[in-house]
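The structure under discussion appears below in the form of structure tokens.
The values are calculated or read from the model by the stated rules, or taken from the named source; none is laboratory data. Please read these numbers as outputs of a predicted model, since none were measured by experiment. We place every Cβ from the backbone using ideal geometry, glycine too, and count neighbours over all the protein chains shown.
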Amino acid sequence: MILCRTIAELKNELYKIKHSNDQATIGLVPTMGFLHEGHASLMRQSAAENTASVLSIFVNPMQFGPNEDFDRYPRDEERDLAIAQANGIDLVFMPEVKEMYPAKPRTSVIVSQLTERLCGASRPGHFDGVGLVVSKLFHLVQPDRAYFGMKDAQQLAVIQQMTDDLNFPVEIRPCPIVREPDGLALSSRNVYLSAEQRQQAVVLSQSLASAKEWVAEQGMTPEELLSRVKAKISEAGQAEIDYVEWLAYPSLELPAWNEPIAEHRGKYILALAVKFGATRLIDNSLFVTNEEVYNHV
């Protein structure tokens, strides 16, 4: 496994890979580091599907707001490199901020409409920063495939739209959410939770599991479903709800609010964002014509 800290090193190593085998395919797994099994699952899928796999580790300041956790975002370079090597990564790109942004960028990559709800409403400008850094990585690595977890389903929808609109020659590969044995979705931010908060945080996956049953009830509407999910989450004393939404996916458009879900057709997402103390966690489930796509195991 090769570690590159500069763009010049990255380009040099990619040149070697592509010119040693003109049929080589490149997989890209973009991350902010502090890797966990969710990231590892993306790496393994990339390794299985490509000649070579690139892992980027970069805590991107452009997607953090002024009062967010950029400075305290968890970092562990040695551990990350060990996980990357154990899961089939051939090349790690780990630049400093000055390498990616020698000066304050004057260019934005804005995906409209998809970014107006969910985390886009709670974190203004967040997805502009995501669009910028991912487009830079696509240009630098020129991957054939790029791998993103479904835990951040809005991010996935935004990146797919950006890829389509800008004709990036990249196949976006969505990967299922990976969970702890008790159901909590894996996240680098889970390390911030106190023991009590960690115990209470399982209410997110529990509420999604309950929603699977509620959706099947005759006459269930989005309004009633969200009311029940919010009540379930509120049973956790330290839970502070940011949003609970039922939207068409990947368009993220609002459905008919009082129309029974049984009359809806297509793919829908039930998306949650909840704070436990200063730690904000997200989770979701996808449904197709009332049948869940991803399970909670």
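Kindly provide the set of residues from region 133-153 that are in contact (Cβ under 8 Å) with a residue 60 or more places away in the chain, assigned to a helix (DSSP H, G or I) and within 20 Å of residue 250 (Cα to Cα), ordered by number.
Within region 133-153, 134, 150, 151, 152, 153 meet the criteria.
Check every one of the strands (runs of 3 or more DSSP E) wholly within region 1-119 and list those with 2 or more residues that are free of Cβ contacts under 8 Å to residues at least 60 places away in the same chain.
52-57
If the requirement is being of a type in the set (A, V, I, L, M, F, W, C) and within 18 Å of residue 144 (Cα to Cα), which of these qualifies: 82, 48?
Just a single option satisfies the conditions, and that option is 48.
How many of the residues making up region 170-220 are in contact with a Phe, Trp or Tyr (Cβ under 7 Å, 6 or more places away or on another chain) and farther than 21 Å from residue 276 by Cα?
Result for region 170-220: 8.
State all residues of region 232-251 that are among the aliphatic types (A, V, I, L, M) and either over 16 Å from residue 205 (Cβ atoms) or in contact with an Asp or Glu (Cβ under 9 Å, 6 or more places away or on another chain) (or both); if no residue qualifies, say none.
Correct list: 247, 248.
Yes or no: residue 182 closer than 27 Å to residue 47 by Cβ, surrounded by fewer than 21 Cβ atoms within 10 Å (Cβ to Cβ), out of contact with any His (no Cβ under 9 Å at 6 or more places or on another chain) and among the acidic types (Asp, Glu)?
no
Taking the conditions exactly as written (within 22 Å of the chain's Cα centre (by Cα), aromatic (Phe, Trp, Tyr) and buried (at least 18 other Cβ atoms within 10 Å of the Cβ)), does residue 249 satisfy them or not?
So residue 249 passes the test.
Just to check your reading of the model, which residue among 196, 217, 224 is at pLDDT below 95, over 21 Å from residue 34 (Cβ atoms) and among the charged types (D, E, K, R)?
Among 196, 217, 224, only 217 is at pLDDT below 95, over 21 Å from residue 34 (Cβ atoms) and among the charged types (D, E, K, R).
Anything in region 261-275 that is surrounded by fewer than 19 Cβ atoms within 10 Å (Cβ to Cβ) and either closer than 13 Å to residue 119 by Cβ or in contact with a Phe, Trp or Tyr (Cβ under 9 Å, 6 or more places away or on another chain) (or both)? List them, or say none.
If the condition is that a residue be surrounded by fewer than 19 Cβ atoms within 10 Å (Cβ to Cβ) and either closer than 13 Å to residue 119 by Cβ or in contact with a Phe, Trp or Tyr (Cβ under 9 Å, 6 or more places away or on another chain) (or both), then 266, 267, 275 are the ones that fit.
Picking from 138, 64, which residue would you name as being buried (at least 16 other Cβ atoms within 10 Å of the Cβ) and over 28 Å from residue 278 (Cβ atoms)?
Just a single option satisfies the conditions, and that option is 138.
Please go through region 229-246 and give me each residue that is surrounded by 17 or more Cβ atoms within 10 Å (Cβ to Cβ), out of contact with any strand residue (DSSP E or B) (no Cβ under 6 Å at 6 or more places or on another chain) and not in a loop (DSSP other than H, G, I, E, B), ordered by number.
232
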